[in-house]
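Chemist: After the structure tokens below, expect a handful of questions from me.
The values are calculated or read from the model by the stated rules, or taken from the named source; none is laboratory data. The model shown is predicted, which means the values in this text are computed figures rather than measured ones. Here Cβ is always computed from backbone atoms with ideal geometry, including for glycine, and neighbour counts include all displayed protein chains. For accessibility, only protein heavy atoms count, side chains too; no ligands or nucleic acids. Shrake-Rupley method; radii C 1.70, N 1.55, O 1.52, S 1.80 Å.
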Amino acid sequence: MIIAVDLHTHTSVSHHVYSTLEENLAAARRKGMEGIAVTNHGPRLGDGAHPWHFSSLKNFKSYVGGVRLLRGAEVNILGEDGAIDLDDYALAPLEIVIASLHTPCFAPHQPPETVTRAWLNALDRNPKVNILGHLGDGRFKCDYAAVLQRVKETGRVVEINHHSFDVRPGSHENCREIALLCKELGIPVVLTTDAHFSDDIGEVANSRRLLDDIDFPDELVLNTSLRRLADYFGFEV
Ligand SMILES: [Zn+2]
Ligand SMILES: [Zn+2]
């Protein structure tokens, strides 16, 4: 199953990623997709991109070969206070900002109250953040209901990350719990790949299956078209 717009993709600006931006765009084009967001890791991850990578995204046109290129980042939440690793200058041109917890930047297996406060503070102090990244990672258990309530109040969305099912412990059961809460609270989700190789761009079969299993409403899946996303996030098509 291929999603219309993949909002979480990486490029070989990081050494643990194996495709260039051009290769990712070519894959999206080949698969008939409408767009991708380029969302490389923030600079505090050992293999993250330099701040100039993000500020310079302003130089890109919105479309490359007919594919909408959304300027983005996957920033790191650095602590309980919700601080992130890009400043306002680097964030300024970005249209999609995913905030995530990664073990090198945030210690795993902390008390759930601590992790919950980190998410809530990150949402409160970083208005440019519009997607919560791999919230279901079992190494960062938290009060999902409290976090999702704040997501709803502030108009953010949650990703269901296809890559998580392979690499992040506990993701399947946690993502199911998160998706059930989103269904109950009416919170939109996006299906993303977190692709580190171009062939993976747009492929979200695992996440789609998880949503189908719980009869998740189609109208709450935002990235089934570029237009729906643009209307929700307020960027130009
Ligand atoms: Zn991540
Ligand atoms: Zn990622």
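Chemist: When the stretch 109-138 is examined, which residues are found to be acidic (Asp, Glu) and either under 24 Å from residue 52 (Cβ atoms) or part of a loop (DSSP other than H, G, I, E, B) (or both)? Talk me through it step by step, then tell me what you get.
Modeler: First pass over the stretch 109-138, keeping only residues acidic (Asp, Glu): 113, 124, 137.
Correct list: 137 only.
Chemist: Mind listing whichever residues of the stretch 134-154 are open to solvent by 30 Å² or more (accessible area, probe 1.4 Å) and in contact with a helix residue (DSSP H, G or I) (Cβ under 8 Å, 6 or more places away or on another chain)? Quick ask: steps written out before the conclusion?
Modeler: Filtering the stretch 134-154 down to residues open to solvent by 30 Å² or more (accessible area, probe 1.4 Å) leaves 139, 141, 143, 145-146, 149-150, 152-154.
Residues satisfying the conditions are 141, 143, 145, 146, 149, 150, 152, 154.
Chemist: Next question, about the same structure. State all residues of the stretch 211-237 that are open to solvent by 90 Å² or more (accessible area, probe 1.4 Å) and more than 18 Å from residue 71 (Cβ to Cβ); if no residue qualifies, say none.
Modeler: The answer is 213, 215, 218, 219, 227, 231.
Chemist: Restricting to the stretch 70-108, name every residue that is out of contact with any Gly (no Cβ under 7 Å at 6 or more places or on another chain), in a strand (DSSP E or B) and open to solvent by less than 10 Å² (accessible area, probe 1.4 Å).
Modeler: Those that are out of contact with any Gly (no Cβ under 7 Å at 6 or more places or on another chain), in a strand (DSSP E or B) and open to solvent by less than 10 Å² (accessible area, probe 1.4 Å): 72, 77.
Chemist: Among the listed residues 40, 24, identify the single one that is in contact with a His (Cβ under 8 Å, 6 or more places away or on another chain) and either among the acidic types (Asp, Glu) or within 16 Å of ligand 2 (Cβ to nearest atom) (or both). I'd like the intermediate steps shown before the answer.
Modeler: Values: 24 fails: in contact with a His (Cβ under 8 Å, 6 or more places away or on another chain).
Criteria check complete, one pass: 40.
Chemist: Still on this structure, please answer the following. Here's a check for you: in the stretch 181-227, which residue that is in contact with a Cys (Cβ under 8 Å, 6 or more places away or on another chain) and of a type in the set (A, V, I, L, M, F, W, C) is modelled with the lowest pLDDT? Working first, answer last.
Modeler: Going through the stretch 181-227, the residues in contact with a Cys (Cβ under 8 Å, 6 or more places away or on another chain) turn out to be 188-189, 207, 210, 216, 220.
If we keep only those that are of a type in the set (A, V, I, L, M, F, W, C) too, we end up with 189, 210, 216, 220.
Numbers: 189: 98, 210: 94, 216: 98, 220: 97.
Looking at residues that are in contact with a Cys (Cβ under 8 Å, 6 or more places away or on another chain) and of a type in the set (A, V, I, L, M, F, W, C), I get 210.
One line per residue, one yes/no per condition, for (1) touching a His at 6+ places or on another chain (Cβ under 7 Å); (2) hydrophobic (A, V, I, L, M, F, W, C); (3) in contact (Cβ under 8 Å) with a residue 40 or more places away in the chain:
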| position | (1), (2), (3) |
| --- | --- |
| 186 | no, no, no |
| 194 | yes, no, yes |
| 206 | yes, no, yes |
| 223 | no, no, yes |
| 229 | no, yes, yes |
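Chemist: Another question, if that's okay. Can you tell me which residues in the stretch 156-207 are open to solvent by less than 30 Å² (accessible area, probe 1.4 Å) and β-branched (Val, Ile, Thr)?
Modeler: 157, 158, 160, 178, 187, 189, 190, 192, 193, 201, 204, listed by residue number.
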